[in-house]
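The values are calculated or read from the model by the stated rules, or taken from the named source; none is laboratory data. This structure is a prediction, so every number in the text was calculated from the model and none was measured. Cβ placement follows ideal geometry from the backbone for every residue including glycine, while neighbour counts extend to all protein chains displayed. To get the accessible areas, we keep the full protein, side chains included, count just its heavy atoms, and leave off ligands, DNA and RNA. Shrake-Rupley method; radii C 1.70, N 1.55, O 1.52, S 1.80 Å.
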Amino acid sequence: MTDDVRLPRTVRPHRYEIDLDVDLEGARFAGDIRISLEVLEPTTTVVCHALNLEIDQVALDGATVREFTLDRDSETLRIELEEALAPGAGSLRMTYSGVLNDRLVGFYRSTYDDDAGTHTLAVTQFEAPFARECFPCWDEPDRKATFVVRLTVDDGLLAIANAAETGRERLADGRVRVSFAETIPMSTYLVAFVVGRLEATDAIDVDGVAVRVIHRPGQGHLTSEALAVAAHSLRYFTHYYGIAYPSDKLDLVAVPDFAFGAMENLGCVTFREVLLLLDPDALTQSEMERAALVIAHEIAHMWFGDLVTMSWWDGIWLNEAFATFMELACIDAYRPEWGVWKTFGMARREAFETDALASTRSIHYEVRTPKDAEGMFDILTYEKGAAVLRMLEQHLGAEAFREGIRRYLSSNSYGNTDMGDLWRALDEVSGTDVARMMDTWILQGGHPVIGATPGATGLHLRQRRIGLAGGDPVAAASYSVPMRIRANVDGTVVERSLLFDTDEATLDLGGTPTDACLNVDATGFFRWQVDAQDAGATLAAARDAERFDVLDGTWSLVLAGERTLADAVAALLGLTVDDEAPTFRRAAAMVHSISLLGGATHALATEGFARRFAEPLLAENPGPERRGILLRIAGVNGASPDALEEARALLAHPAHAHPELTAAATDIVGASATAADFEHFTDRYRSSDSPQEALRYLSALAGTMDPTLFAAALEFMATEVRTQDAPYTLARAMGNRHHGAAAWRLVRDRWETFNERFPSNSIVRMVGGVRSIFDPDTALDIAAFFDQHPLPQGAQTLAQHLEFVRVHQSLRQRELARLAESVAG
């Protein structure tokens with residue numbers, strides 16, 4: 001990394017006092033900021049970050065300001081002095097103003113409607129890096145400082161910030177100045193404040209920490225589950241890390257418009273409403289789990305990310321991967337019966353798919369500018385990163401891993417680190433060369449497929465990097481793979497552990513193995529297959545989460561050209577009613593991929609297969625979660641009249657039905673929607689008090705099979721749906737099994753409009769919908785379009801999307817002609 005993108009190291013801030021006057025009606029704010037500095041060497045120039053601000057006055061103690069200039073390209077404010085600042089303490093004061101923008105980053109506007117009209121909120125989102133759009137600052141993660149915030153707002157509005165409120169002063173004009181306590185030293189991207197007509201729950205006391213949920217008026221009844229999860233998470237992490245919570249209170253804020261899922265601002269965590277406002281009696285299991293996991297994820301960051309922070313933006317992966325790992329550990333302790341490590345398989349499988357591409361990236365890579373870091377907020381950072389950390393924890397042992405984390409956090413509290421600091425802490429407590437092993441996973445992309453050949457005394461193992469047929473050639477790579485292997489040897493179940501860090505190895509099992517499983521408990525991040533052991537036999541030998549791993553791995557090997565569609569069908573038909581819900585969710589995704597592969601021309605064959613898969617299992621009366629998944633397969637992919645009839649009956653009396661079944665019914669009726677259904681669904685999206693129900697109705701419209709109604713649904717998504725949701729719904733619409741190409745054409749034709757209207761980080765996620773495209777003409781159109789329309793904030797992810805389209809074209813060429821035969825069994 002070159003240093004020209006970093007601010008000069010001549011001065012550093014150590015305390016900010018920020019006074020902001022927030023005008024919601026005029027969508028503006030005015031600031032008065034005092035920054036206490038330490039001058040490290042003589043200088044006649046002070047440079048900090050500022051963007052989209054109007055700087056009115058600049059004053060610096062002990063020096064005369066000659067001029068100050070804003071440079072939009074470098075996003076900096078350059079202050080030239082008449083005489084040099086001497087080393088020592090200094091103070092910089094500036095007054096300025098800015099606009100509350102509509103881009104969902106920086107200091108921005110969010111709105112909601114109720115019976116009294118439209119209400120505006122002012123919300124911050126400073127990662128990464130947008131604090132400079134709210135106040136001049138040293139907007140780099142290792143420039144930690146403390147923050148004192150005062151907000152002047154209209155009377156009757158709620159104002160919150162990172163730290164606890166310390167006072168209120170009524171001003172002569174009737175407005176109120178709200179003061180907040182000084183924070184711990186922290187990075188600018190973690191500063192937060194929210195202003196608006198909001199309500200706060202009564203605080204609950206969690207071992208001396210006051211915890212609240214902030215929400216729109218009238219939604220307090222939806223906050224109890226979030227408070228319960230937060231209380232558990234605070235206690236769990238305090239114990240796990242062995243360090244007290246590092247702030248004086250914890251507010252969880254439900255924001256109507258939010259570009260990300262949530263943001264770990266210390267003491268003032270912001271969320272999408274759908275992840276915080278929860279009615280446990282009306283939600284599906286996956287909706288409940290996702291909300292609980294995100295809440296735990298953000299609270300995990302209060303220590304790992306906030307108290308101890310990466311030195312530069314290339315360390316985002318460690319923050320996010322670790323928080324993803326910890327969210328799972330925390331919620332597994334909160335609700336063991338949920339089995340969230342098994343559910344994680346669905347997220348992990350998306351990482352597997354991307355990581356098998358030649359266009360994957362290493363988990364850690366050079367980030368030269370903060371904007372380069374936008375590409376780090378992806379499936380590889382979160383899910384692959386967490387999966388690799390889970391694999392490491394299982395290899396070292398849970399206690400050694402935790403002790404290493406405790407040492408890392410206690411040694412670096414209030415400071416900044418890089419990944420080497422974590423590896424050294426884990427080395428010290430485990431006696432293992434962690435860096436040597438982890439470098440093979442963190443500093444290079446991809447993952448291995450491990451093959452095994454049974455022999456007279458055990459297994460001969462070999463590894464190579466997996467690649468997908470139709471994608472670009474992958475570079476050769478070797479990995480240090482912690483493995484647990486189980487097999488039947490002469491009637492006895494034998495289990496062995498090893499670190500497989502060579503291209504080939506022989507494992508002595510004391511005899512000829514059968515029914516081998518190379519990834520016990522599915523904790524390893526690799527694919528595997530055993531010679532002369534077909535998918536059906538491999539599935540039969542697998543247990544619990546391993547069955548998900550086998551099913552998922554079979555589809556991966558189909559994409560790699562190493563198994564056939566018929567193999568995948570055999571694996572699907574090997575499932576039983578006793579398999580767990582995550583395994584059925586993976587099965588549903590595979591059935592949908594087969595539907596997309598077949599397209600309209602092979603619809604009868606793929607619909608028949610979907611019914612043949614789902615209906616016998618439905619007849620065995622599975623529990624509500626599995627029944628909902630299977631009913632959706634039969635009704636959406638199988639176009640089953642019986643499933644549609646059941647779905648309409650369920651939606652006619654939703655209060656009496658299980659949420660899993662009403663959610664499935666919504667998708668089924670949406671797929672077969674009439675004009676009256678379309679009107680009802682759009683009305684429910686607009687008016688539902690439940691954010692989860694609103695999204696269900698919106699999502700169901702993406703599956704509508706009637707071409708006229710689908711066109712109307714696309715227009716609705718493009719113009720009326722909130723900008724936080726529209727890009728993701730349009731991506732889902734590209735997965736419509738008959739009309740995905742029409743959704744792509746809408747995105748293509750309105751590209752400039754969508755880039756102006758939607759949050760920057762969501763554009764490449766919207767484009768991710770092209771991964772569902774199998775039509776050759778549409779695939780060519782997609783490639784030609786992006787030849788002329790680069791996506792700089794997501795160039796790597798875009799390359800992955802486009803390579804995946806080519807992979808699907810290759811699959812189509814290999815399998816389409818024999819699809820009807822393959823799905824017939």
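Descriptive notes on the structure:
- Once divided by 2.2 N^0.38 Å, the Cα radius of gyration of the range 608-652 becomes 1.03.
- In this calculation the C-beta distance from A86 to T369 is compared with R0 = 45 Å, giving a FRET efficiency of 0.90.
- Rounded Å value of the spacing that divides the Cα centres of the range 361-412 and the range 508-529: 26 Å
- Protein heavy-atom accessible surface, 1.4 Å probe, per residue over the chain: 36 Å².
- Projected onto its three principal axes, the C-alpha set of the range 585-690 covers 38, 31, 22 Å, listed from the longest axis down.
- The chain - percent of accessible surface contributed by carbon and sulfur, probe 1.4 Å: 48 percent
- Taking the Cα centre of the range 1-78 as origin and assigning +1 to Lys and Arg Cβ atoms and -1 to Asp and Glu Cβ atoms, the resulting dipole is close to 340 debye.
- Other residues lying with their Cβ under 10 Å from the Cβ of C268 contribute a combined charge of -1, Lys and Arg counting +1, Asp and Glu -1.
- Working from Cα pairs under 8 Å separated by at least six residues, relative contact order for the chain is 8 percent.
- Estimated FRET transfer efficiency (Y414, T45; beta-carbon r; R0 30 Å; 0.05): 0.55
- Nearest 10 degrees, 0 to 90: helix 707-719 Cα axis against the chain principal axis: 20 degrees
- Here each label is just a point 7 Å from Cα along the line to Cβ, and for V5 and D23 those points are 3.6 nm apart.
- Over all other residues within a Cβ to Cβ distance under 15 Å of D56, the charged ones net out to -2, with Lys and Arg as +1 and Asp and Glu as -1.
- Mean-position separation - Cα centroids, the range 330-353 and the range 445-487, in angstrom: 24 Å
- Extreme residue, positive dipole direction of the chain, given options T554, N162, A59 (C-beta unit charges): T554
- Reduced Cα scattering model of the range 139-227, Debye log10 I(q)/I(0), q = 0.12, 0.18 Å⁻¹: -0.46, -0.95
- On Cα atoms only, tilt of 795-815 relative to the major axis of the chain in degrees: 10 degrees
- Measuring between their Cα centroids, the range 27-99 and the range 784-808 lie 40 Å from each other.
- 11 Å beta-carbon shell around P727, net charge (K/R +1, D/E -1): +3
- Ranking A605, H297, H738 by how far each Cα lies toward the positive end of the dipole of the chain (charges on Cβ) leaves A605 at the top.
- The accessible-area ordering, largest first, of the residues L60, L498 stands as L498, L60, per a 1.4 angstrom probe.
- Among beta bridges identified by DSSP and lying wholly in the chain, the antiparallel ones come to about 80 percent.
- Taking Cα centre as origin and charging only the Cβ of basic (Lys, Arg, +1) and acidic (Asp, Glu, -1) residues, the dipole magnitude of the chain rounds to 1020 debye.
- Here each label is just a point 7 Å from Cα along the line to Cβ, and for D544 and A477 those points are 3.0 nm apart.
- Leading residue at positive end of dipole, the chain (Cβ point charges), from A545, S430, N519: N519
- The heavy atoms of H739 offer some 40 square angstrom of accessible surface to a 1.4 angstrom probe.
- Across all C-alpha atoms in the range 405-467, the radius of gyration and Dmax reach 17.4, 57 Å.
- A Förster radius of 60 Å combined with the Cβ-Cβ distance from H680 to R78 puts the calculated FRET efficiency at roughly 0.55.
- When the helices of the chain are scored as -39500 (n - 2.57) per DSSP H run of n ≥ 4 and the total is divided over every residue, the value at 222 nm lands at -12500 deg cm²/dmol.
- Whole-Å semi-axes of the range 459-604's equivalent ellipsoid (Cα gyration tensor): 28, 20, 12
- Summing Cβ point charges (Lys, Arg +1; Asp, Glu -1) relative to the Cα centre of the range 329-444 gives a dipole of roughly 160 debye.
- Among 145-151, 304-310, 424-430, the order from most to least packed when residues are scored by Cβ within 10 Å on average: 304-310, 145-151, 424-430
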